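Everything below concerns the one structure shown next.
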Amino acid sequence: MSKGAPAAARSAAALAGFVIVAGLQLAVVLIALGLLLRALPGGFALRIGVPLSIATIGALGYATWRALHTRHRVPAGVAVSRDQAPRLWEMVDAAAAAARVPAPSGVTVVADATAALGERTRLLGLIGGRRDLYLGLPLLQALEPDRLAAIVAHELGHGSPTLGRWAPMAYRGRVAVGRTIPRIARRNVAGAVLRAYAGVYRRLDAPFSRAQELNADRIAAAHAGTAAAVAALRDLPALAGMQRLFHAEYVGPGWQAGYVPDDVFGGLLRVLAARTTEMAMLRARDPEPSGPWDTHPPLPERIAALTATDSVVTGAEPSGSAMSGSAASGRESAAGPADSARAVGDSSDSSKSSPVDNAVDEALAKVGAGEVAVGGATSPAGSARRADTGGEPGRESVPDQAPVPNRELVPDLPGLGRTLQAVAFPPRGRTVVSWDDCLSVARTSEMEREAEAALAAIARAVGAGVPDAAHLLTLAADGRLRAAATTLFPDAPPEEATSRIVELLALMLALAALRSGVARWRHSWTGAAEVVAVDGGYLDLAELAAAAADPETTEAVRAYLTQAGVDLSASAAESGSARAQVLGGLVNLSADGSHTDVLITDLGLLLVPGLPRNRRHESKRRLTRIAADGIPAGALLPAGSGSAGSGPGGSGSAGPGPGPAGPRSGAGAGPGADQPASAPAATGRSSAGGAAGSSVGDAASGRPDASAGGLPGASAGGSPGASAGGLPDAPASGSASGSAGASRHASTGGTTGGSAGSGGVLPRGGRFVSFADVAGVTTLPGLRKGWAIGLRDGGELTLRPALDADELPGGWAAWDEAVAFLAGTR
């Protein structure tokens, strides 16, 4: 018997305790009901006893089933068969043999930098089911085969029976509990007892959970080598962090603006090649626990355990058959703890010699030529490290379809990336463009949103519309702009008011130059984008803005810009397929007495008529689909509702809030909106007037800060099964919650003509209440708290939660932030 067998048995017994506790809870209620009926007169007790017992048993039984029912969400990805990638499957089979577990039934490549083993369990994991391995495409792109093998062996090793026959059940049960308990609704009558027992279960299971994770690490080290296993522990969270940065800074802004780059995963390779310093910093950093159900011990403890012991697991033989030469050399380099520690230090602290960077360089290098293709020309491969992407010398050069380091594992990895992009990043009405066009329109769209909010505030302060830079310069020339700034920021010192005026002017002058075609964006994979002249020359907009802020030189600046070809009255482009950013969602509310579901966006509230009572269990799925498809910012809304683009006070300015979302992202901000995932924040980095929206725009009737709490279906990143931060339940930031994403196009019930994303059609009977049209909000007292939202046209909207009200993950937090924002700015 294994030393871990008693601990495994205790963990499995604690898991079975959920069923026992649920049965005891039902028995206690029935006993209490029987005692109550015995205390009543016989005839009366007989008349009400049967229906009351049936109702009680039914309600509590259903609540218990709802609480313990395991929901299986299949991450979107591309299934890879044995015929399509025989070498990849050989690696998986060898890792399964090392872990003494059957090979998974399928391998699916997903969009996230993660690896996870998903199992379709029943009864909280007491009964197992089909097992599938999910591998992130970024891992196949950037990691060498020995590290990838170590990661796969670790995932399969979670269910290894080397710690006892009950160990597989203990692990899959832990995964199921970690996924199920956090999702028990607050109003579930059976939930309180089950949540309390979950705390007891977690304490009982914690020692064996730690032992299983360390055992999985030892299996990975025995299979791929200690150096490879330890380096993989560093590389995986670093890659995940870089992917989050990539989505936040590059994909998310364009996605929200209504555009999709034509090669998402190629862009990720470019970022990995350019940002070696950030990768080194992330490798050196210890990742924080993903959540209360994260089973992984601290990273230093895991590394110390691997480097301090011999990398041989009892009952598991090293299997070099699946290892490449690099894996074998990795084992040879792990001769002792000192050598292993040096190997880890080299992999985590040196950006020059890191195998991840070497693999990325290989992916970006043209085979046999040492060059990178750009269009039909070539340039030195080292130019992939350059910062600028503007078109003049220094523009970053990358291939459209570069070879990849793991091409022997997956024969056509670029083709697989294109197929995966169609599944994980479906356009849904967005326009597919090149990276340069996507980044340009995204940055411009962000600036226009900031400008709209700021001009709306200025317009209210001066009592007249301010649609463009020409009108703003007129206000600056006659002193009304400074008076407006004083009105908006009465407590700000004069120098701060001047600074904000200059920021706003710089923003508007940059927009006018871009709209006039005399300026363009120059992008960088390493730093901030900047506005330059069309020939790549430097534009000193800050100096021009400072001169324009002085009434004595404003007209001189106007004349100079006009002579340079800048049309100061140029209008913004049409919003097209731009999407509102979804912050959260609530289901089963009452809006003026009508059953309603609500999506909270950065532009306002989308009220969706509730489903019939017999279909209310579908409400959350429907609302998630609506949020995933996206809400077009310029959609034609039903009569009587506020328009997302109509500004307050008739200024003609839209009412979106102060520019890009903050550090927290909403479901609609990026491709994460199309799936249960942590969507990228729509936070672009640019050098043109980014602060104007956050200063003047805060006073506009815009939007609250974007909240990560409102991600529909956001994955619980701390659930067991994540390899240093991944989840089989829902990979983050790039994968949809359907086996192929096609189910998103199914009828949602209560929508008309297709999804909001595919045709710009909002749900039938839906009403959009723009934040720009809200005059105030009042919290209503009572047992069920409500809110009265006063509108600028004199109308009022009353919202109250129903008894069965529920939320998409983080929905109430997003609602509270929206209410606080409206209450504080009205």
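Points worth noting:
- The ratio of the alpha-carbon radius of gyration of the range 128-184 to the globular-protein estimate 2.2 N^0.38 Å is 1.38.
- Once both labels are positioned 7 Å from their Cα atoms along Cα-to-Cβ, the gap between residue 189 and residue 87 label points is 6.1 nm.
- The Cα center of the range 201-226 and the Cα center of the range 539-572 differ in position by 64 Å.
- A Förster radius of 56 Å combined with the Cβ-Cβ distance from residue 203 to residue 54 puts the calculated FRET efficiency at roughly 0.90.
- Percent of C-alpha pairs per 5 Å bin in the range 447-541, short distances first: 2, 13, 22, 22, 16, 12, 9, 4, 0.
- Of the GluC sites (Glu not before Pro) found in the range 528-561, the ones in coil according to DSSP and having at most 12 other Cβ atoms within 10 Å of their Cβ are 552.
- Cα centroid of the range 1-61 to Cα centroid of the range 473-523, whole Å: 67 Å
- For the pair the range 79-112 / the range 421-464, the C-alpha centres are spaced 42 Å from each other.
- Rg and Dmax over the alpha-carbon atoms of the range 102-236 stand at 16.3, 50 Å.
- Sorted largest first, the principal axis extents computed over the alpha-carbon atoms of the range 231-279 equal 38, 16, 16 Å.
- Shape call, the range 258-301: gyration tensor on alpha carbons, a/c limit 1.5: oblate
- FRET efficiency for residue 780 and residue 35, using Cβ-Cβ distance with R0 set to 51 Å, rounded to 0.05: 0.80
- Cα-based values for the range 488-550, radius of gyration first and Dmax second, are 13.8, 43 Å.
- With N counted as the residues of the range 156-262, its alpha-carbon radius of gyration over 2.2 N^0.38 Å works out to 1.51.
- 9 Å beta-carbon shell around residue 589, net charge (K/R +1, D/E -1): 0
- Debye equation applied to the C-alpha atoms of the range 477-518, log10 I(q)/I(0) at 0.18, 0.19, 0.25, 0.32 Å⁻¹: -0.56, -0.60, -0.82, -1.05
- Packing around the peptides 560-569, 516-525, taken as the average count of other Cβ atoms within 10 Å per residue, puts them in this order, highest first: 516-525, 560-569.
- Computed packing ranks the peptides 181-194, 83-96 as 83-96, 181-194, most packed first, by mean other Cβ atoms within 10 Å.
- The listed residues 259, 201, once ranked by accessible area (1.4 Å probe) with the largest placed first, stand as 259, 201.
- Full extension of the chain segment joining residue 284 with residue 412 gains 42.8 nm, where the gain is 0.36 nm per residue of separation less the Cα-Cα distance.
- Stretching the chain fully between residue 10 and residue 615 yields a gain of 213.7 nm (0.36 nm per residue, less the alpha carbon separation).
- Volume per residue that the Cα convex hull of the range 1-132 spans, once the total is divided by residue count, Å³: 159 Å³
- Note on residue 305 and residue 464: the extension gain reaches 50.3 nm, defined as 0.36 nm multiplied by sequence separation minus the Cα-Cα distance.
The values are calculated or read from the model by the stated rules, or taken from the named source; none is laboratory data. Computed from a prediction, not measured in an experiment: that's the story for all the values here. Positions of Cβ are generated from backbone atoms using ideal geometry, with glycine treated the same way; all protein chains shown enter the neighbour counts. For the accessible areas, the whole protein counts, side chains as well, though only heavy atoms, and no ligand, DNA or RNA atoms are used. Shrake-Rupley method; radii C 1.70, N 1.55, O 1.52, S 1.80 Å.
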